[in-house]
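The values are calculated or read from the model by the stated rules, or taken from the named source; none is laboratory data. For clarity, every value in this text was computed on a predicted model and none was experimentally measured. Cβ coordinates were reconstructed from backbone atoms using ideal geometry, including for glycine residues, and neighbour counts include every protein chain displayed. Only protein heavy atoms, including side chains, enter the accessible area calculation; ligands, DNA and RNA are left aside. Shrake-Rupley method; radii C 1.70, N 1.55, O 1.52, S 1.80 Å.
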Amino acid sequence: MQAENYTVQDIKLAEQGRKNIAWAEMQMPALLKIKERFAKEKPFKGMRIALALHVTKETAVLVKTLAAGGADVAITGCNPLSAQDDVCAALAADGVKVWAYKGESKEDYYTFLNKVIATKPNITIDDGCDLVTEIHQKHAALIPSIIGGCEETTTGVIRLKAMEQEKALKYPMIAVNDNKTKHLLDNYLGTGQSTIDGLLRASNILFAGKVVVVLGYGSCGKGVALRADGLGARVIVTEVDHFAALQAVYDGFAVMPMKEAAKIGDVFITVTGNKHVIRMEHIKTMKDGTVLANSGHFDHEIEMSALAKYPKRTIRPLFDEYLVDSKKIMVAGEGRLVNLACAEGHPSTVMATSFCGQALACEYLVKHKGKLKPVVITLPAEIDDHIAALQLDALGMKIDTLTDEQRKYLASWQEGT
Ligand code: ADE
């Protein structure tokens, strides 16, 4: 359904969307605290903010937070399968500019990206860096009026650092992904739980007793391995980084090259942020009935382009079977982010901290307007600490404070054995 300021699947879903957004809000008190302050201080008065994020109930709470701060907000998705249609409808019905629906074509994906760009944003918020790259490649004339941007995910930060390296980045970008609070809650706990959630909703497999191969042992991979282990799976980790591999070993997991793991795994979950980590050379040696899923940002961690040449049938929504040399290879969520394609992404409690990061990063950009270089920036530790404090407060937890004596001791060097 289309109108001047939106394209959504069905505007009649708005009431359901509002209920889901209200449920998310109940679980995101830390972000609501910031919203309350923004509503009083109006840090974004007269500004336009464009977002390319997964359009979920949690993202809607961020949108409302920025709008409470005075921003004129426009949003599109950052993955063709992750938009929640009821949430898109609720946003549209409540006057937010929104272009997104679940299952959109690649053509629509870029049409919608260009719709939010056409609002001439002063701040951009990205998850995966498609908005920033589209602006830099095709709309450079808009760059002088952009004070900065924020990036949500590891893959996006990798792309931004490559842009910075080539001196192609033309406005400051805050790597919200690199907040300690983001890594702990979102990458580790969020990906750990929601990846399993997506795989279960798509396939309903039993994890206990299965050999689950986790490709990549960054914060996300650690979370997935932990939860698969908790469900009784035997976990194997594959890595290219010696330190990460060592961590996996000492966390109690088997570590081996993919060439070996491919032959013995029952379930494979990619979380590397890299390309073609599961290739046809691996798939051809896998067991009949093997299940593949990806929880990295883009859909090229599994070599889907090669797999697409084999006969395919859809067993149930978002769960396909490919016939590879008479063996059945099952793929969840078309190889796209399994947690968002097949489930609802990270729980609201998790996204509260990620989006406190986004909200405070936008405020930081406004406060430092004109003073930041066009590089990738990490937020000051005090802001990250403030997010942790807000979340602890939301959980009803209190902590100790240093005594004067302790503060002095930590700042001194004379006292020893
Ligand atoms: N990324 C992962 N989970 C998400 C969610 N629930 N909302 C927005 N972005 C996400």
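For Cys129, the conditions (1) more than 15 Å from the ligand (Cβ to nearest atom); (2) over 18 Å from Glu4 (Cβ atoms) are fulfilled apart from (1). Among the residues here, Ala341 does not qualify as within 16 Å of the ligand (Cβ to nearest atom), at pLDDT 95 or above and in contact with a strand residue (DSSP E or B) (Cβ under 6 Å, 6 or more places away or on another chain).
Here's the yes/no breakdown for (1) aromatic (Phe, Trp, Tyr); (2) more than 16 Å from the ligand (Cβ to nearest atom); (3) touching a strand residue (DSSP E or B) at 6+ places or on another chain (Cβ under 9 Å); (4) over 30 Å from Leu32 (Cα atoms):
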site: Ile269; (1), (2), (3), (4): no, no, yes, yes
site: Val277; (1), (2), (3), (4): no, yes, yes, yes
site: Thr290; (1), (2), (3), (4): no, yes, yes, yes
site: His300; (1), (2), (3), (4): no, yes, yes, yes
site: Lys312; (1), (2), (3), (4): no, yes, yes, yes
site: Ser326; (1), (2), (3), (4): no, yes, no, yes
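Selection of segment 91-127 for residues being more than 17 Å from Phe355 (Cβ to Cβ), open to solvent by less than 30 Å² (accessible area, probe 1.4 Å), assigned to a helix (DSSP H, G or I) and touching a residue at least 60 places away in the same chain (Cβ under 8 Å) yields Ala92, Phe112, Leu113, Val116, Ile117. The numbered conditions (1) modelled with pLDDT of 95 or more; (2) open to solvent by 10 Å² or more (accessible area, probe 1.4 Å); (3) within 14 Å of the ligand (Cβ to nearest atom) are all true for Thr154 except (1). Pairs linking a residue in segment 188-208 that is outside any helix (DSSP H, G or I) to a residue that is buried (at least 20 other Cβ atoms within 10 Å of the Cβ), with Cβ atoms under 8 Å and 6 or more positions apart or on different chains, are Ile205/Leu199; Ile205/Val267; Ile205/Val291; Phe207/Ile196; Phe207/Ala228; Phe207/Ala233; Phe207/Val267; Ala208/Ala233. Scanning segment 293-352 for residues being over 17 Å from Pro80 (Cα atoms), of a type in the set (Asp, Glu) and either in a loop (DSSP other than H, G, I, E, B) or touching a Cys at 6+ places or on another chain (Cβ under 8 Å) (or both) gives a total of 2. Residues of segment 36-50 that are out of contact with any Lys or Arg (no Cβ under 7 Å at 6 or more places or on another chain) and either open to solvent by 90 Å² or more (accessible area, probe 1.4 Å) or at negative phi (or both): Glu36, Arg37, Phe38, Ala39, Lys40, Glu41, Pro43, Phe44, Lys45, Met47, Ile49, Ala50.
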